[in-house]
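First the structure, in the form of structure tokens, and then the observations on it.
The numbers here are math on the coordinates, done by the rules we state, and not lab data. If you're wondering where the values come from, they're calculated on a predicted model, not measured in any experiment. In this analysis, Cβ positions are derived from the backbone assuming ideal geometry, glycine residues included, and neighbour counts consider all displayed protein chains.
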Amino acid sequence: MEMEVRAGVVLAALSLSLFSYCCSAASLITPQNILNGTVGGEITFDISVDPVDLTASAGTWKFGSNVVVTWTNSNPVYTNDYKGRVEVTFATGTLKFNKLFATDSGEYTVTITTAPSTLNLNGRVELKVYDPVSVPTIQSNVTNPVEFNDTVTLTCTASGSDVSYRWFNGSSELSDTQRVHLSADNRNLTISGVLRSDDGPFYCYVYNHVSKNFSKPFNLDVKYGPDLPTLSVSLNKSVYTAGSSLTLQCSAQSNPTAQYQWFLNGTSLNKRSQQLEIKNIQVDQAGNYTCWAFNNVTLRYAAVHTVIDVIERVSEVTIQPQSEKPTENENFSLTCFAKHANSFLWLKDGHSLDTNGTVSLLDNNQMVFFNPLLQSYTGTYKCTAFNIVSNETSKEYTLVMNSDGNSLTTAGIVAIAVCSVLLVLAVTALVVFLLIRHRRSSTGSSKSSSPTTKPEDGLVYSTPTFLKEPGDRKSKQNADPNAQYANISKQPQVQSNTATEYAELRRK
């Protein structure tokens with residue numbers, strides 16, 4: 001009998017042990033992490049019973065001390081604040097929110113009773129409901145930041161719950177540097193000593209656990225300059241010809257666009273544009289041209305200079321001989337005169353003039369000096385005068401010398417020829433005049449003489465003849481070698497009282 005009692009006790013203890021093991025093995029599985037939801041959105045508290053052969057025959061969900069829903073078998077009861085917004089899955093106790101409010105954030109507890117064994121299992125779920133972030137906006141503390149002068153702070157503003165901030169310049173995320181500083185919450189971006197390269201575009205990126213957004217691009221309008229201007233000339237020359245037209249162009253990097261003003265040798269030209277046009281430039285317009293650039297926001301100036309040199313064209317090139325009658329074996333020179341020239345080139349008979357011991361170039365080639373003048377130097381001479389912008393050649397000068405040493409120009413030879421012809425004509429006219437006069441005189445004598453006078457008694461004159469030697473009136477010793485004579489004679493008449501007459505013509 002005692003043995004049966006002991007056996008029953010042992011069996012009962014074993015059954016209790018098995019029941020305790022079964023009950024201790026059942027559990028309620030709930031989300032371990034905080035659940036994040038969006039205002040107006042949905043979320044589900046997924047729970048399950050382990051082992052899976054157990055179901056929730058009854059249960060209750062609470063938010064704090066407030067009941068959300070209770071159910072027994074398939075009969076749920078929702079409180080007013082949650083009616084229509086939540087629903088429960090009876091078999092597992094899973095709770096779903098169809099529309100979240102911001103006030104739904106907090107800790108939820110659940111208690112279920114399992115079947116077929118009646119076990120009470122507990123669990124908890126933490127919910128965080130966020131407002132989604134809005135599209136952020138960026139604002140600057142300085143409207144027109146000036147390069148090197150200003151410190152700029154950009155502020156990002158966005159609505160939402162637990163908003164976090166990040167900054168980007170283009171596609172590069174910004175972090176703290178020597179000039180760039182981020183506030184503790186990253187909402188403010190500060191740039192010290194702003195540069196023109198800090199123009200952006202900047203983006204503010206905002207986010208929380210349920211949403212994110214980028215701002216529109218934000219550009220800083222950094223005012224800078226003017227930098228040192230550049231100056232160009234339409235005709236890029238070291239020296240310009242008087243009468244040329246040219247355009248000077250001035251350009252400087254500046255924001256806003258620079259204003260320009262032109263000066264010549266320190267005097268304002270009253271030209272306020274980027275270009276300066278000069279038409280028909282003259283020598284008195286040469287000098288130092290200055291372009292001033294001005295920024296009316298930064299209040300800074302910058303200037304650039306260029307020198308414009310203007311030269312007149314070479315003109316009035318002439319050759320001046322030392323004398324009109326150059327003499328062989330004597331010193332002689334030809335000088336080239338020209339306006340606005342600084343160098344000279346001599347040509348003889350179309351070729352560059354050769355210099356030697358008796359021919360030299362003086363005064364920067366302006367003078368050709370012959371020491372002495374020789375017959376071999378006869379010919380045509382030209383002088384070309386130069387400056388840096390032009391050149392001009394003189395008319396020909398012909399140097400001709402006679403064999404006796406006298407040098408004659410072409411004009412002199414022509415003058416001598418003309419004079420010779422005129423002299424011959426004058427002598428001929430004189431002879432004709434004398435013949436006519438003599439005949440008239442002979443006619444008068446015939447009428448007054450005796451009738452017995454024979455015709456042959458009259459004078460008969462020969463045609464004037466130029467002789468290289470004088471007649472009877474001068475001896476050869478006294479003859480002028482350059483004189484020529486006309487011998488006028490009558491035929492011998494013994495009885496005539498008329499004396500023989502001679503006419504002596506002398507040409508010098």
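How far apart, in nm, are two points set 7 Å out from the Cα along the Cα-to-Cβ line at residue 351 and at residue 26?
Each label point is offset 7 Å from its Cα along the Cβ direction, giving 13.6 nm.
Please order 199, 53, 284 by the number of other Cβ within 10 Å, starting at the fewest.
Ranked by crowding around the Cβ, least crowded first: 284, 53, 199.
Order these peptides, 266-276, 221-231, 95-105, by their mean beta-carbon neighbour count within 10 angstrom, highest first.
My ranking of the peptides, most packed first, is 221-231, 95-105, 266-276.
Answer rounded, prolate or oblate for the range 246-311, using the Cα gyration tensor with square roots of eigenvalues a ≥ b ≥ c: rounded when a/c is under 1.5, else prolate when a/b is larger than b/c, else oblate.
In terms of gyration-tensor shape, prolate.
List residues of the range 65-97, by number, whose backbone nitrogen lies under 19 Å from a label position 7 Å along Cα→C-beta of residue 53.
Within reach of a label on residue 53: 91-92.
Taking amide H positions as placed in the peptide plane 1.01 Å from N, state which residues far from residue 55 in sequence (5 or more) or on other chains have amide H under 5 Å from it.
Those qualifying (amide H under 5 Å, at least 5 residues apart or on another chain) are 115.
At a Förster distance of 41 Å, what's the computed FRET efficiency of residue 73 paired with residue 209, Cβ-Cβ distance as r, to 0.05?
That gives a FRET efficiency of 0.65.
Estimate the FRET efficiency between residue 141 and residue 277 by the formula 1/(1 + (r/R0)^6), using the beta-carbon distance for r and 56 Å for R0, to the nearest 0.05.
E(calc), rounded to 0.05, equals 0.80.
Return the FRET efficiency for the residue pair residue 435, residue 393: r is the Cβ-Cβ distance, R0 is 60 Å, and the value is rounded to the nearest 0.05.
Rounded to the nearest 0.05, the efficiency is 0.60.
In this model, which of 96/128; 96/216; 325/348; 339/382; 62/212; 339/395 are farther than 26 Å apart at the alpha-carbon?
Beyond 26 Å between Cα atoms: 96/216; 62/212.
Using only alpha carbon pairs under 8 Å that are at least six residues apart, calculate the relative contact order of the range 24-130 and give it in whole percent.
35
Per residue of the range 98-113, in order, report the coupling 6.51 cos²θ - 1.76 cosθ + 1.60 (Karplus, θ = phi - 60°) as ³J(HN,Hα) in whole Hz, putting x for Gly and Pro.
8, 8, 8, 10, 4, 7, 7, 5, x, 9, 10, 10, 9, 10, 10, 10
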